[in-house]
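Notes follow once the structure below has been shown.
The values are calculated or read from the model by the stated rules, or taken from the named source; none is laboratory data. Note that the coordinates shown come from a computational prediction; the quantities given were computed from them, not determined experimentally. Reconstructed Cβ throughout: ideal geometry from the backbone, glycine too, with neighbour counts over all protein chains shown. Protein only, heavy atoms only, side chains kept; ligands, DNA and RNA dropped before computing areas. Shrake-Rupley method; radii C 1.70, N 1.55, O 1.52, S 1.80 Å.
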Amino acid sequence: MADIRVRSVSELAKAAYDLFGDFNVYRQIEQMNQLPDTRITESQFAQIIGRARMYQNMPFKVKKRFASIPINGFTGELCS
């Protein structure tokens with residue numbers, strides 16, 4: 001997702017409307033339904049958690065290159 005920059009309340013309202021309008025609840029539900037079928041090793045799990053924790057210390061410009069994922073209340077990013 002790109003940054004949203006606005007200069008007025010009306011621009012903010014339009015940006016929020018566009019953001020919520022682009023959300024596809026059916027696609028999100030389908031992705032969540034596929035999670036139980038996902039298997040990873042202990043090593044892969046440790047790598048995901050380690051990268052998500054490293055994200056907090058990355059410069060902002062580097063953070064923008066990675067897709068955001070929520071992890072237990074923390075929206076982290078995974079590095080490839």
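List of remarks:
- Selection status of Met54, touching a strand residue (DSSP E or B) at 6+ places or on another chain (Cβ under 8 Å) and either modelled with pLDDT under 85 or not β-branched (Val, Ile, Thr) (or both): no
- Taken over the stretch 57-80, the criterion of being in a loop (DSSP other than H, G, I, E, B), in contact with a Phe, Trp or Tyr (Cβ under 9 Å, 6 or more places away or on another chain) and either open to solvent by less than 80 Å² (accessible area, probe 1.4 Å) or modelled with pLDDT of 85 or more (or both) is satisfied by Met58, Phe66, Leu78, Cys79.
- Among the residues examined, Glu42 does not qualify as surrounded by 10 or more Cβ atoms within 10 Å (Cβ to Cβ), out of contact with any helix residue (DSSP H, G or I) (no Cβ under 9 Å at 6 or more places or on another chain) and of a type in the set (D, E, K, R).
- The set of residues in the stretch 45-55 that are over 15 Å from the mean Cα position of the chain (by Cα) and open to solvent by less than 80 Å² (accessible area, probe 1.4 Å) comprises Ala46, Gly50.
- Of all residues in the stretch 12-36, those that are of a type outside the set (A, V, I, L, M) and either touching a helix residue (DSSP H, G or I) at 6+ places or on another chain (Cβ under 8 Å) or within 21 Å of Lys64 (Cβ to Cβ) (or both) total 3.
- Residue check, Asn24 modelled with pLDDT under 85 and not basic (Lys, Arg): no
- Residues satisfying the stated conditions in the stretch 5-39, i.e. hydroxyl-bearing (Ser, Thr, Tyr) and either open to solvent by less than 80 Å² (accessible area, probe 1.4 Å) or outside any helix (DSSP H, G or I) (or both): Ser8, Thr38
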